[in-house]
Amino acid sequence: QVELVESGGGLVQPGGSLRLSCLAHGDLLSFYAMGWYRQYPGKERELVAAITTNGRTNYGNADKDRFNISIYNPQNTVYLQMNNLRPEDTAVYYCYAGSLWRPSYWGQGTQVTVSS
């Protein structure tokens with residue numbers, strides 16, 4: 001079993017930055033990638049970005065010019081640096097652990113609100 005603990009969400013003005021963090025506890029050998037999804041109200045979760053323990057990335061719907069994902073090994077902390085944030089980035093962001101394309105474990109979610 002894996003527990004994921006997220007932090008770093010909050011309220012930021014347009015153009016600002018946030019860094020989301022996600023710390024994994026438990027069976028760290030049961031997954032080889034971590035990443036982030038986001039969910040808008042009434043919508044399904046969509047992949048923002050994911051990264052494997054050896055650094056391979058999948059940016060999904062994220063704007064690579066504004067978002068950067070990184071991982072601190074041994075595969076227990078993943079970061080999502082978000083720059084030049086826009087109101088349309090407002091969503092609940094969920095950390096996951098699993099494969100590059102398939103989550104096996106989820107965090108509890110953290111709210112990101114971009115508003116002036």
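The values are calculated or read from the model by the stated rules, or taken from the named source; none is laboratory data. Remember, it's a predicted structure, so these values are computed and weren't measured experimentally. When we count neighbours, we look across all protein chains shown, and the Cβ atoms used for this are built from the backbone with ideal geometry, even at glycine. All accessible areas refer to the heavy atoms of the entire protein, side chains included, with ligands and DNA or RNA removed. Shrake-Rupley method; radii C 1.70, N 1.55, O 1.52, S 1.80 Å.
Can you confirm whether Asn76 is farther than 13 Å from Gly109 by Cα, open to solvent by 30 Å² or more (accessible area, probe 1.4 Å), of a type outside the set (A, V, I, L, M) and touching a His at 6+ places or on another chain (Cβ under 9 Å)?
In short, yes.
Looking only at the stretch 63-73, which residues are over 15 Å from Cys22 (Cβ atoms) and surrounded by 13 or more Cβ atoms within 10 Å (Cβ to Cβ)?
Listed by number, the residues that qualify are Asp63, Arg66.
Tell me which residues, restricted to the stretch 97-116, are open to solvent by 30 Å² or more (accessible area, probe 1.4 Å) and in contact (Cβ under 8 Å) with a residue 40 or more places away in the chain.
Within the stretch 97-116, Trp101, Pro103, Ser104, Tyr105, Trp106, Gln108, Gln111, Thr113, Ser115, Ser116 qualify.
Whether any residue in the stretch 29-40 is closer than 12 Å to Asp89 by Cβ and outside any strand (DSSP E or B) is what I want to check.
The answer is yes, given that some residue of the stretch 29-40 is closer than 12 Å to Asp89 by Cβ and outside any strand (DSSP E or B).
Return the residue satisfying two criteria in turn: it lies in the stretch 1-20 and is open to solvent by 50 Å² or more (accessible area, probe 1.4 Å) and among the charged types (D, E, K, R), and of such residues it is farthest from Phe67 (Cα to Cα).
The extreme case among them is Glu3.
Tell me, please, whether a residue that is open to solvent by less than 10 Å² (accessible area, probe 1.4 Å) and either on the phi > 0 side of the Ramachandran plot or among the charged types (D, E, K, R) (or both) can be found in the stretch 21-28.
No, the stretch 21-28 contains no residue that is open to solvent by less than 10 Å² (accessible area, probe 1.4 Å) and either on the phi > 0 side of the Ramachandran plot or among the charged types (D, E, K, R) (or both).
Name the residues in the stretch 30-52 that are over 15 Å from Leu4 (Cβ atoms), surrounded by fewer than 21 Cβ atoms within 10 Å (Cβ to Cβ) and without any contact (Cβ under 8 Å) to a residue 60 or more places away in the chain, would you?
Across the stretch 30-52, the qualifying residues are Tyr40, Pro41, Gly42, Lys43, Glu44, Glu46, Leu47, Thr52.
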